[in-house]
Amino acid sequence: MSAISIRRACETDVAAIVAMLADDPLGQAREDTSLPLSQAYLDAFAAIDGDPNQFLAVMADGDQLIGTLQITFVAGLSLRGARRGQIEAVRVAAHRRGEGLGQRLFEWAIEKCRERGCRVVQLTTNKSRTDAHRFYDRLGFKASHVGYKLEL
């Protein structure tokens, strides 16, 4: 096995990231993995990559991408002007789940948030993802808020 690394995603990673996002029942209904990728994915990547408050990360085992998440660094007035790290779109490749890679990816992301001066790390998760809820609980996250979304 090669050394596992975590790094900023590049455009050539987008197809593999989309494939990981689509690799569950919720993602299958939301993502389009047909190739070539739609321009919308490439435009979204360019916007993320060009924004200093965004970090799209990939976890790799050698040349194979095995995980991803996105951190958004959010400035705010609440909590005495605290900066927050918002973690979203977390995936570990299905064939690599259960190896502790998700915990390693989160430990890395939390450290990135500390480096950026965040006082809070937060995330949202779909109510149906009960395995993910147990994972986040185990990492020390608290289900302290109720989230709402409005699709436009």
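General remarks:
- (1) 1.46; (2) 1.05; (3) 0.96, with the label sought being that of the calculated Cα Rg over 2.2 N^0.38 Å: (2)
- Cα-based helix-to-principal-axis angle, 39-49 vs the chain, degrees rounded to 10: 40 degrees
- DSSP bridge analysis restricted to the chain gives an antiparallel fraction near 80%, rounded to the nearest 5.
- Entry note, the range 4-138: relative contact order of 21 percent, from Cα contacts under 8 Å with a spacing of 6+ residues.
- Against the chain, whose longest principal axis is taken from its Cα atoms, helix 101-115 shows a tilt of about 50°.
- Solvent-free Debye scattering, log10 I(q)/I(0), computed from the Cα coordinates of the range 78-152 at q = 0.23 Å⁻¹: -1.24
- Proportion of all alpha-carbon pairs of the range 54-93 beyond 10 Å (%): 71 percent
- Separation in nanometres of the label points that stand 7 Å from Cα toward Cβ, at residue 53 and residue 35: 3.6 nm
- When each of the peptides 54-64, 84-94, 126-136 is scored by the mean number of other C-beta atoms lying within 10 Å of its residues, the order from highest to lowest reads 84-94, 54-64, 126-136.
- Set of aspartates and glutamates with alpha-carbon distance to residue 127 below 17 Å, sequence-local pairs under 8 removed: 24, 88, 137, 151
- Summing charges over all other residues whose Cβ lies under 11 Å from the Cβ of residue 76, with Lys and Arg as +1 and Asp and Glu as -1, gives +4.
- Ranking of 78, 5 by count of other Cβ atoms within 10 Å, fewest first: 78, 5
Bear in mind these aren't lab numbers, they're just calculated from the coordinates by the rules spelled out. Predicted, not measured: the structure shown is a model, and the values here were computed from it. Cβ sites come from the backbone with ideal geometry, for glycine too, and all protein chains shown count toward neighbours.
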